[in-house]
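To keep things clear, I will list the structure first and then write my remarks on it.
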2 protein chains.
Amino acid sequence: MVETIGIVGGGQLGRMLTEAAKPLGFDVVVTNKDPMSPAAQVGAREIVAPLDSEQAIDQLAEQADVLTWEIEHIPAHYLCVTEEEGDVEIQPSPRTLATIQDKLRQKQMLVANDIPVAPFIDGIDNIAYGLGNVGPYIVKTRTRGYDGRGNLVTAETDPEVIKTTLDAADMIGPYLTEQTVDFDKELSVVVARDMDGKTTMYAVTETYHEENICHTTITPARIEQRQHVAATDLAHDTLGVLQGAGVFAIEMFLRGDDVMVNEIAPRVHNSGHWTIEGAMTSQFEQHIRAITGMPLGSTRMRAPAAVMINILGHRDEPFDREGLDEVLAYPDTHVHLYGKSSRPARKIGHITVLGDTPDEALEMAHAARDKMPV
Amino acid sequence: MVETIGIVGGGQLGRMLTEAAKPLGFDVVVTNKDPMSPAAQVGAREIVAPLDSEQAIDQLAEQADVLTWEIEHIPAHYLCVTEEEGDVEIQPSPRTLATIQDKLRQKQMLVANDIPVAPFIDGIDNIAYGLGNVGPYIVKTRTRGYDGRGNLVTAETDPEVIKTTLDAADMIGPYLTEQTVDFDKELSVVVARDMDGKTTMYAVTETYHEENICHTTITPARIEQRQHVAATDLAHDTLGVLQGAGVFAIEMFLRGDDVMVNEIAPRVHNSGHWTIEGAMTSQFEQHIRAITGMPLGSTRMRAPAAVMINILGHRDEPFDREGLDEVLAYPDTHVHLYGKSSRPARKIGHITVLGDTPDEALEMAHAARDKMPV
């Protein structure tokens, strides 16, 4: 029986996982490179170590009954070895994590399973041949990209020129290159699987990014019924190729009535933050239930619509809750601060607004956000 | 501007206050007689000291920008002095706390303000004269009673006989004696006041006690409209005689269409636990908002009905989450464990079930509770 949950990473996702795990009676231990991580501030024990430390994973495995993560840029292969040694349960499958954390292998796995994705090639050498002359293209580092770090959009096809730009941007290879998609909307579907193989799906969410950082989500997505069916079918099929128990986010492009997978997150995800207040079971509790062998909870929405807006740091000063009073004066508006120091464009919290329609909630969320210096 | 909230007491109420305060960006420090209190387990800092320690209150006052409590059996007069010294804001008013924590003075205050209460007398000496021959009577210790400790129900009127029984039960005076009320239902209304004097009220809740310990609450109360009006009017009038910002619970007896106040809790209360999932703003967030000068949130219910059942310890062993899997298989069912060691009849957690009608939610809650060894 699980008593202690180990999480690689103690950032905001580890924090909200901890907040969900504690009322269910679990102890939580996280790894984090600095002490007093967002997760530790809400009661997680802490192993202070870099995310890539194998020794920290050994310690986590010793202290925890089940091991999971809040970020994919961790030693997946070492987790595979740890799992094979059988000392600790690891969920979801570290093999799936290993595949996903390499964006080229992730795409190849999806193609091999007939999941539609944007055209892509290995590397940057044969763009014109592999992707045709339909730029712009997006060059990605195969590993360790996060929140758009590790992405370069370019109209170039000359590998020499591209390499110079990549070096200047400090983007270290290997790379893959994708055709950019002229999408109508970006969607995300947060799915979960329990230990018995049962699955659940939250409502389809519209996601909006700026400089590759998610800033707003709108649930349910304002799309046609047939588009909705396409998105949920795709989410279902994609979950079918992912192994293990836990929450996954399937990020998609919608163009016309067609959907294709953009990226998979093998973990709780920013596009599911609205579920804390907006659904019967939050994505964080859902993940905790899934990895500890408990049944999944209902994903039904609590209100007709939920909008989430990230609070991004705007300067190198601690965030002093400026404007929060005014934000909380809006009805059914909820604030989650992560206990992180502020840096420009750093996610330091989020606001969720529930409302009667997506547009109404969005309007209220914008009005609330405008009260804050973000 | 408030950065740190100090709470006298670090039990389950302090824990849930901490859980509400953290996402709003506040630090929390509590006092608790043992280390690793329920509140500390979710990230509150801790001053290890008995509840009656004045020194601990000094320390809290030094570390916090606003001071509150989760239990009323604390040095209220010392809090009054601390407030007058002006070193720290204290909410709600410690003078109101001082009055309420003495059940005789609480009753006298209510009577002085025309709030209906059961007939009562000071002490145990003149029961027959003061209360007539309409027993049974309930003898209460004026201070420090909690969850029914400090109550004696008796048909006796002879003070000598009563005193012997009180001594045997280790109930130390002074006392007050009330006429028992042959009520139809017990009700509770959780109310709040912010710093600007604005007030809110949650839906009227039915409460059920066994051996004086609350075990079930049902919201909204299954009562007639005119009874509902009487209960909310009484809650409103009662809040009018209480001073300061924060959450208060007004516990009442309903008999026919008449309501009278049984007891006031100058703090978040067991009868408001359902608000965590069942209302737009939980009573815990409401209290945090109130005492930090923020606007109150909406008290609207998230579902037509909410039932809460306490999880009581059944043996002197740690609770191992036995049966929890089955409980969580019920839809819209939520579990909160407090991280407390188990003792017979000790509150170690609660279950909240939301549903379409009070009876449906109650049935589901009973079915869920029956899965647990409580």
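The values are calculated or read from the model by the stated rules, or taken from the named source; none is laboratory data. All figures in this text were calculated on a predicted structure; none of them were measured in a lab. Here the Cβ positions follow ideal geometry from the backbone for every residue, glycine too, while neighbour counts run over all protein chains shown.
Being without any contact (Cβ under 8 Å) to a residue 40 or more places away in the chain, more than 14 Å from chain A (Cβ to nearest Cβ) and over 19 Å from the mean Cα position of the chain (by Cα), is that true of even one residue in region B:33-42?
yes
Search region B:308-327 for residues that are closer than 14 Å to B:TYR338 by Cβ and pair each with any residue that is part of a loop (DSSP other than H, G, I, E, B) and hydroxyl-bearing (Ser, Thr, Tyr) when their beta-carbon atoms are under 7 Å apart and the residues are at least 6 apart or on different chains.
If the second residue must be part of a loop (DSSP other than H, G, I, E, B) and hydroxyl-bearing (Ser, Thr, Tyr), the pairs left are B:GLY313/B:SER342; B:PRO318/B:SER341; B:PRO318/B:SER342; B:PHE319/B:SER342.
Take residues that are away from chain A (no Cβ under 12 Å) and touching a helix residue (DSSP H, G or I) at 6+ places or on another chain (Cβ under 6 Å) and tell me which of the strands (runs of 3 or more DSSP E) falling wholly in region B:299-359 contain 1 or more.
Working: elements: B:305-312, B:333-337, B:347-355.
Output list reads B:305-312.
Taking the conditions exactly as written (in a loop (DSSP other than H, G, I, E, B), within 13 Å of another protein chain (Cβ to nearest Cβ) and under 26 Å from B:ARG289 (Cβ atoms)), does A:PRO295 satisfy them or not?
no
Within 14 Å of another protein chain (Cβ to nearest Cβ) and touching a Leu at 6+ places or on another chain (Cβ under 6 Å), is that true of A:GLY25? Talk me through it step by step, then tell me what you get.
Values: within 14 Å of another protein chain (Cβ to nearest Cβ): yes; touching a Leu at 6+ places or on another chain (Cβ under 6 Å): yes.
Judged against the criteria, A:GLY25 is a match.
Conditions tested, residue by residue: (1) closer than 12 Å to A:ALA20 by Cβ; (2) surrounded by fewer than 24 Cβ atoms within 10 Å (Cβ to Cβ); (3) of a type in the set (Asp, Glu).
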{"site": "A:PHE253", "(1), (2), (3)": "no, yes, no"}
{"site": "A:ILE276", "(1), (2), (3)": "yes, yes, no"}
{"site": "A:GLU285", "(1), (2), (3)": "yes, no, yes"}
{"site": "A:ARG300", "(1), (2), (3)": "no, yes, no"}
{"site": "A:MET308", "(1), (2), (3)": "no, no, no"}
{"site": "A:GLY313", "(1), (2), (3)": "no, yes, no"}
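Taking the condition assigned to a helix (DSSP H, G or I) and in contact with an Asp or Glu (Cβ under 8 Å, 6 or more places away or on another chain), does A:ALA290 pass?
On the way: assigned to a helix (DSSP H, G or I): yes; in contact with an Asp or Glu (Cβ under 8 Å, 6 or more places away or on another chain): yes.
So A:ALA290 fits the description; yes.
Filter region B:1-10 for residues that are surrounded by fewer than 24 Cβ atoms within 10 Å (Cβ to Cβ) and of a type outside the set (D, E, K, R); which is nearest to the other protein chains (Cβ to nearest Cβ)? Full working, then the answer.
Taking region B:1-10 and keeping what is surrounded by fewer than 24 Cβ atoms within 10 Å (Cβ to Cβ), we get B:1-4.
With of a type outside the set (D, E, K, R) added as a condition, the list becomes B:1-2, B:4.
Details: B:MET1: 7, B:VAL2: 9, B:THR4: 12 Å.
Among them, the one singled out is B:MET1.
Could you count how many residues in region B:194-235 are free of Cβ contacts under 8 Å to residues at least 12 places away in the same chain and β-branched (Val, Ile, Thr)?
1
With more than 26 Å from A:ALA249 (Cβ to Cβ) and crowded, with 18+ Cβ neighbours inside 10 Å as the only criterion, which of A:LEU354, A:LEU296, A:LEU324 stands out?
Numbers: A:LEU354 fails: more than 26 Å from A:ALA249 (Cβ to Cβ); A:LEU296 fails: more than 26 Å from A:ALA249 (Cβ to Cβ).
On inspection, the qualifying residue turns out to be A:LEU324.
A quick yes/no check of all residues on (1) over 30 Å from B:GLN243 (Cβ atoms); (2) β-branched (Val, Ile, Thr):
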site	(1), (2)
B:ASP122	no, no
B:ILE127	yes, yes
B:ARG142	no, no
B:LEU152	yes, no
B:ALA155	yes, no
B:PRO159	yes, no
B:ASP184	yes, no
B:LYS198	no, no
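For region B:270-285: of the residues being within 11 Å of chain A (Cβ to nearest Cβ) and in a helix (DSSP H, G or I), which is farthest from B:LEU187 (Cα to Cα)?
B:GLU285
Only one of A:THR177, A:THR157 is at pLDDT below 95 and surrounded by 18 or more Cβ atoms within 10 Å (Cβ to Cβ); which? Can you show your working first?
Details: A:THR177 fails: at pLDDT below 95.
After applying the criteria, what remains is A:THR157.
State all residues of region A:120-130 that are within 19 Å of A:GLY173 (Cα to Cα) and either in a helix (DSSP H, G or I) or among the polar types (S, T, N, Q) (or both); if no residue qualifies, say none. Even if it seems obvious, please write down each step before you answer.
First, pick out the residues of region A:120-130 that are within 19 Å of A:GLY173 (Cα to Cα): A:120-127, A:130.
The answer is A:ASN126, A:ILE127, A:GLY130.
The rows are residues; the columns are (1) modelled with pLDDT under 95; (2) under 17 Å from A:ASN310 (Cβ atoms); (3) over 21 Å from the mean Cα position of the chain (by Cα); (4) outside any loop (DSSP other than H, G, I, E, B).
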position	(1), (2), (3), (4)
A:PHE183	no, no, no, no
A:SER188	no, yes, no, yes
A:ALA192	no, no, no, yes
A:GLY197	no, no, yes, no
A:THR200	no, no, no, yes
A:HIS215	yes, yes, no, yes
A:ILE223	no, no, yes, no
A:HIS228	no, no, no, yes
A:THR232	no, no, no, yes
